[in-house]
Amino acid sequence: MSLEEYKYIWTENRKEYVLVKMKDGDYSIFNRMDKIALIIEDDDIYDAVINEMLKSKCEIVDSIL
């Protein structure tokens, strides 16, 4: 998959997805409605999605609960 295939996360569905700040300073991507983590097997794509979410000022939370 390519970064373009995940664009919906920081564009049209940006209210549904949040970044959860982990204790080690990294981020996890969660669907806030379902409370389910988004798993992207390609680490480079995963990091790129997080960077795009940060650039787009998507919400960052401490917990998904």
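Kindly evaluate I9 against the criterion of being surrounded by 15 or more Cβ atoms within 10 Å (Cβ to Cβ) and of a type in the set (V, I, T).
Working: surrounded by 15 or more Cβ atoms within 10 Å (Cβ to Cβ): yes; of a type in the set (V, I, T): yes.
Criteria met by I9.
Checking the conditions here, which among I50, I40, I29 is within 11 Å of the chain's Cα centre (by Cα) and in a loop (DSSP other than H, G, I, E, B)?
Working: I50 fails: in a loop (DSSP other than H, G, I, E, B); I29 fails: in a loop (DSSP other than H, G, I, E, B).
None of the others qualify; the one that does is I40.
Of everything in segment 27-45, what is without any contact (Cβ under 8 Å) to a residue 12 or more places away in the chain and either surrounded by 15 or more Cβ atoms within 10 Å (Cβ to Cβ) or of a type in the set (S, T, Y) (or both)? Give them in sequence order.
S28
Regarding segment 10-23, can at least one residue be identified that is part of a loop (DSSP other than H, G, I, E, B), at pLDDT below 95, out of contact with any Phe, Trp or Tyr (no Cβ under 7 Å at 6 or more places or on another chain) and polar (S, T, N, Q)?
no
Against the condition in contact with a Cys (Cβ under 9 Å, 6 or more places away or on another chain) and in a helix (DSSP H, G or I), how does E5 come out, does it pass? So that I can check it myself, show each step before the final result.
Working: in contact with a Cys (Cβ under 9 Å, 6 or more places away or on another chain): no; in a helix (DSSP H, G or I): yes.
The answer is no for E5.
The values are calculated or read from the model by the stated rules, or taken from the named source; none is laboratory data. As the structure is a computational prediction, the values presented were derived from the model and not from experiment. Using ideal geometry, Cβ is built from the backbone for each residue, glycine included, and neighbour counts are taken over all protein chains shown.
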